Amino acid sequence: MKTLKSIMIGMALLLVSVATNAASTTHHNTTKDEVMDTYLNAVVHGKLEGIDNAIDDDAEFNMIRGNNVNTLHKQQILNTLKAGENIEQDCKCTKSIVQDNDDASTLKVEMKYADFTRIDLITAQRVAGGWKITKVDTSFK
């Protein structure tokens, strides 16, 4: 009977230990640099790791082509990026900070191809759990 009690106490301690360990899992809060780099890696290098988490569910993507503005949403952008997965863009990429504070950041990215330049204005905002891309305005010249 003493052995049975010892086994039961041991099992109870094991269950408490496992439950405590599961509850103490830490969640990484993303930084604005991480989400910006994740987005650029997806667009320029075709590397999609982490892109779904970097983009806010309500993000808006505006593509300006002449007088037309096409507005896309997260799933449409993810589908487009998946179609170009692991494809390296043949462009020279430069970036500059347009606006940066504790709650929002806008980055201007110029991707210069042989015949045209794509310009992305990427806005990231602080949300619960870190930073997310909330808006991207793309134009071509």
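Things worth noting here:
- Within region 50-69, being loosely packed, with under 14 Cβ neighbours inside 10 Å and among the hydrophobic types (A, V, I, L, M, F, W, C) holds for ILE64, VAL69.
- Checking each residue in region 117-130 for being within 21 Å of SER96 (Cβ to Cβ), hydrophobic (A, V, I, L, M, F, W, C) and free of Cβ contacts under 8 Å to residues at least 40 places away in the same chain picks out ILE119, LEU121.
- Conditions (1) under 13 Å from THR138 (Cβ atoms); (2) under 18 Å from the mean Cα position of the chain (by Cα); (3) surrounded by fewer than 14 Cβ atoms within 10 Å (Cβ to Cβ); number of the one not met by LEU72: (3)
- Residue count for region 94-111, restricted to those that are in contact with an Asp or Glu (Cβ under 7 Å, 6 or more places away or on another chain) and surrounded by 13 or more Cβ atoms within 10 Å (Cβ to Cβ): 1
- Some residue of region 80-92 being at pLDDT 95 or above and within 12 Å of the chain's Cα centre (by Cα): no
- Here is the figure for region 100-141: residues that are within 13 Å of MET36 (Cβ to Cβ) and not charged (D, E, K, R) total 15.
- Considering region 75-93, and only residues there that are surrounded by fewer than 15 Cβ atoms within 10 Å (Cβ to Cβ) and of a type in the set (A, V, I, L, M), the residue that is farthest from ASP57 (Cα to Cα) turns out to be ILE87.
- Boolean, LYS47 is more than 14 Å from the chain's Cα centre (by Cα), in contact (Cβ under 8 Å) with a residue 24 or more places away in the chain and surrounded by 11 or more Cβ atoms within 10 Å (Cβ to Cβ): no
- Scoring MET11 on the criteria (1) modelled with pLDDT of 95 or more; (2) farther than 24 Å from THR106 by Cβ; (3) hydrophobic (A, V, I, L, M, F, W, C) leaves a single failure, condition (1).
- Sole exception among (1) closer than 18 Å to ALA54 by Cβ; (2) among the small types (Gly, Ala, Ser); (3) touching a residue at least 24 places away in the same chain (Cβ under 8 Å); (4) loosely packed, with under 11 Cβ neighbours inside 10 Å for ALA114, by number: (1)
- Condition check for ALA23: modelled with pLDDT under 95 and out of contact with any Asp or Glu (no Cβ under 6 Å at 6 or more places or on another chain): yes
The values are calculated or read from the model by the stated rules, or taken from the named source; none is laboratory data. Since the structure is predicted, the reported quantities are computational estimates derived from the model, not experimental observations. Don't worry about glycine lacking a Cβ; one is built from the backbone with ideal geometry, like all the others, and counts go over all protein chains shown.
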